[in-house]
Amino acid sequence: MRSERPPTLPRTGETPTSIPQPTAADLQREGDTLAAEGSIHEAIQCYRRAVRLEGDNADRHLRLGDAFVFAEDSGQALSHYRRALKANPDHADTHFSIAEVYRRFGKLKGAITLYRRAVSLSPHNPYYRYRLASACVQAGRQDEAVRELREAIRLAPEDGFYHFWLGDLFLQLCRTHDGVQELEQAVGNSPFDDYYCVRLGMAYCQLGRPEDAVAVFRRAIRLRPSNATYHFLLGDAFARMGYALRAAMHYEIAGDLDAYDREYVDRMRRSLSEAGGLVKPEDFGLPPMDH
């Protein structure tokens with residue numbers, strides 16, 4: 001029987017054929033996957049290797065900086081963000097990320113400046129404008145915030161998110177009718193978002209429109225039936241309309257869903273009983289109905 005030929009060993013100075021090494025782009029993709037899975041420290045190692053291969057690439061430093069933010073190491077994050085800007089001073093995402101860190105540590109003026117820089121470099125990004133608007137609200141510059149949110153809506157008119165935040169801001173500014181219009185648009189664009197429904201229902205109550213509030217509170221409950229707060233709000237809306245039994249039913253459901261609020265529900269039940277079914281909003285600690 002013929003013997004098999006033994007493997008050929010490399011001569012002195014030669015190396016076996018090497019396994020192809022991952023590129024910086026490969027390592028970044030692997031880091032992105034690990035970060036999405038919540039394995040931040042493993043992602044950092046991948047991004048570090050990518051940076052070692054391409055130290056003059058802004059995207060590599062940005063990814064590593066973002067990972068350090070999640071790892072609660074803002075110093076390292078800022079270091080890599082600065083290196084990203086050294087590689088590309090017009091890197092919009094990096095200006096935005098630095099703004100987020102500054103805002104986190106109360107450097108609001110610097111954050112707004114950097115948000116504006118990011119917006120100027122990427123003017124078609126509605127999320128940048130939303131974050132700039134929210135920083136302006138925090139700084140007491142509501143008019144600027146309204147302008148930025150309107151621009152975000154112009155860029156993404158079908159996204160209920162931006163309509164919601166503009167509506168919420170209008171409510172804070174006591175522009176309730178404007179707020180309701182934007183919240184209605186938010187619910188229309190995102191009909192399966194229960195929180196948008198609830199915020200709209202609360203605005204309807206402010207305008208003395210409990211019947212409309214009932215409709216959207218019911219929709220919110222269909223989307224999330226085990227939320228005790230939604231049942232409380234629906235109960236409040238029914239109480240405003242004078243529907244004592246319906247109000248009592250939803251207070252009871254809320255109490256069953258959240259035992260912590262049992263005392264509140266018991267108070268509602270006593271008020272209903274003492275009123276003999278003729279309930280006024282004042283009995284529930286609510287503002288009087290508009291006439």
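Every read-out reported here was derived from the displayed coordinates using simple, explicitly stated rules and does not represent laboratory data. Just so we're clear, the structure is a prediction, and the values are computed from it rather than from any experiment. Don't worry about glycine lacking a Cβ; one is built from the backbone with ideal geometry, like all the others, and counts go over all protein chains shown.
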Q. Distance from the Cα centre of the range 128-182 to that of the range 56-72, in angstrom?
A. 30 Å
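Quick check for me: using +1 on Lys/Arg Cβ and -1 on Asp/Glu Cβ, what's the dipole size of the range 200-246 about its Cα centre, in debye to the nearest 20?
On the way: 7 positive and 3 negative charges, 33 e Å.
It comes to approximately 160 debye.
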Q: Tabulate in residue order the Karplus-calculated ³J(HN,Hα) for the range 219-224, using 6.51 cos²θ - 1.76 cosθ + 1.60 with θ = phi - 60°, rounded to whole Hz; enter x for Gly and Pro.
A: 5, 4, 5, 4, 6, 9
(Q) Which one, Ala50, Gly75, Gly38, projects farthest toward the positive side of the charge dipole computed for the range 33-81 from Cβ point charges (K/R +1, D/E -1)? (A) Ala50
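Tell me the net charge near Val119. Cut-off is 10 Å between Cβ atoms, Val119 excluded, with +1 for each Lys or Arg and -1 for each Asp or Glu. Don't skip to the end; give the middle numbers.
On the way: positive: Arg116, Arg117, Arg129, Arg131; negative: Glu148, Glu151.
Residues near Val119 contribute +2 overall.
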**Q.** In order through the range 121-133: 3J(HN,Hα) via Karplus (6.51 cos²θ - 1.76 cosθ + 1.60), integer Hz, x for Gly, Pro
**A.** 7, 9, x, 9, 9, x, 5, 4, 5, 4, 5, 4, 4
